Amino acid sequence: MSSFIITIDGPSGAGKSTICKMFSINDGFVHIDTGKIYRSIAYILKEVTEEELNKLELDFKIENLQVLFIYKGKILNDIILSEDIAKKASTIAKNEFVRDFVNKLARTIAQEGKFVIDGRDAGSVIFPNANIKFYLDAKLEERAKRRSKELSVDYSQSIKSLSCRDEQDTQRKIAPLVVPKGAIIIDTTFLSVEEVYNKIKSYF
Ligand SMILES: Nc1ncnc2c1ncn2[C@@H]1O[C@H](COP(=O)(O)OP(=O)(O)OP(=O)(O)O)[C@@H](O)[C@H]1O
Ligand SMILES: Nc1ccn([C@H]2C[C@H](O)[C@@H](COP(=O)(O)O)O2)c(=O)n1
């Protein structure tokens, strides 16, 4: 069994999922969004305990090169996009047992084929031997602008919730958001989506 793995890490709103989707459409990579696994757990479980998580039957299927996360027959991907779910996801992501669950699921999915995987620790912890690693960044103000446009929420509210998540995601003890060893850093603040994609492609 063999797989070709690209990891893309970075803070919320840096443009990771957007670029991963382009890799699916243009280059045939299966996209695994590890944030969606954290969000699914946050959405399903009222209280996230190790016992509840061990019983959790979170299924997945790959459709059109996207990994869909399924609970009791319901696809969760499009109903876990709110900033409230994201905040809860960021909070539960501090737990070691939650991280172990997510890492195991991501590795199970990426067994054979071409995968582009985004998150906070995709290249540092989940796939340290990835074929190529990227770290996308952007200024907080630009990320908040993007997020408030996408979710139709107030800009100052976006600034608040993104800074709170940045703080939690970079300061936690286990697998904090870092630039993975060997990752190529791209600041997307002043780049269009196409410019970011072309820059990444120039490294292949
Ligand atoms: N280079 C860019 N220029 C302008 N807007 C962008 C750019 N990249 C992404 N966006 C927009 O910013 C928003 C956030 O992008 P995206 O969801 O890809 O970020 P992300 O890094 O995956 O965030 P998260 O970790 O929260 O999932 C989207 O609405 C997307 O269309
Ligand atoms: N590899 C990952 C992916 C996600 N998380 C946590 C931290 C994020 O704030 C939250 C939601 O992620 P998003 O969908 O915004 O990418 O999930 C993490 O800790 N590690």
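The values are calculated or read from the model by the stated rules, or taken from the named source; none is laboratory data. None of these values were measured; they are calculated from a predicted model. Glycine gets a Cβ as well: all are built from the backbone with ideal geometry, and neighbour counts include every protein chain shown. For the accessible areas, the whole protein counts, side chains as well, though only heavy atoms, and no ligand, DNA or RNA atoms are used. Shrake-Rupley method; radii C 1.70, N 1.55, O 1.52, S 1.80 Å.
Assessment of segment 62-71 against the conditions (part of a loop (DSSP other than H, G, I, E, B), over 30 Å from Ser152 (Cβ atoms) and open to solvent by 30 Å² or more (accessible area, probe 1.4 Å)) yields no matching residue.
Among the residues examined, Gly28 does not qualify as surrounded by fewer than 17 Cβ atoms within 10 Å (Cβ to Cβ), more than 30 Å from Asn198 (Cβ to Cβ) and either touching a Lys or Arg at 6+ places or on another chain (Cβ under 6 Å) or among the small types (Gly, Ala, Ser) (or both). So which residues in segment 84-130 are part of a strand (DSSP E or B) and within 9 Å of ligand 2 (Cβ to nearest atom), if there are any at all? Residues satisfying the conditions are Ile117, Asp118, Gly119. Among the residues examined, Ile75 qualifies as open to solvent by 30 Å² or more (accessible area, probe 1.4 Å), more than 24 Å from Arg146 (Cα to Cα) and either within 16 Å of ligand 1 (Cβ to nearest atom) or among the β-branched types (Val, Ile, Thr) (or both). In segment 9-21, what count of residues is obtained for those that are open to solvent by 10 Å² or more (accessible area, probe 1.4 Å) and either closer than 11 Å to Leu65 by Cβ or free of Cβ contacts under 8 Å to residues at least 40 places away in the same chain (or both)? So the answer is 1.
Counting residues in segment 89-104 that are hydroxyl-bearing (Ser, Thr, Tyr), in contact with a helix residue (DSSP H, G or I) (Cβ under 7 Å, 6 or more places away or on another chain) and crowded, with 19+ Cβ neighbours inside 10 Å gives one or more.
The numbered conditions (1) at negative phi; (2) more than 13 Å from ligand 2 (Cβ to nearest atom); (3) surrounded by fewer than 22 Cβ atoms within 10 Å (Cβ to Cβ) are all true for Ile6 except (3). Pairing each residue of segment 38-62 that is free of Cβ contacts under 8 Å to residues at least 12 places away in the same chain with any residue that is assigned to a loop (DSSP other than H, G, I, E, B) and open to solvent by 70 Å² or more (accessible area, probe 1.4 Å), provided the two are 6+ apart or on different chains, yields C-beta distances under 9 Å for Glu52/Lys46. In segment 168-181, is there at least one residue being surrounded by fewer than 17 Cβ atoms within 10 Å (Cβ to Cβ), under 17 Å from Gly123 (Cα atoms) and within 14 Å of ligand 1 (Cβ to nearest atom)? Checked against the condition, which is being surrounded by fewer than 17 Cβ atoms within 10 Å (Cβ to Cβ), under 17 Å from Gly123 (Cα atoms) and within 14 Å of ligand 1 (Cβ to nearest atom), segment 168-181 yields at least one hit. Checked against the criterion of being open to solvent by 20 Å² or more (accessible area, probe 1.4 Å) and closer than 16 Å to Thr189 by Cα, the candidates Arg107, Arg146, Arg120 yield just one match: Arg146. Asp169 falls short on exactly one of the conditions (1) touching a strand residue (DSSP E or B) at 6+ places or on another chain (Cβ under 6 Å); (2) within 9 Å of ligand 2 (Cβ to nearest atom), and that condition is (1).
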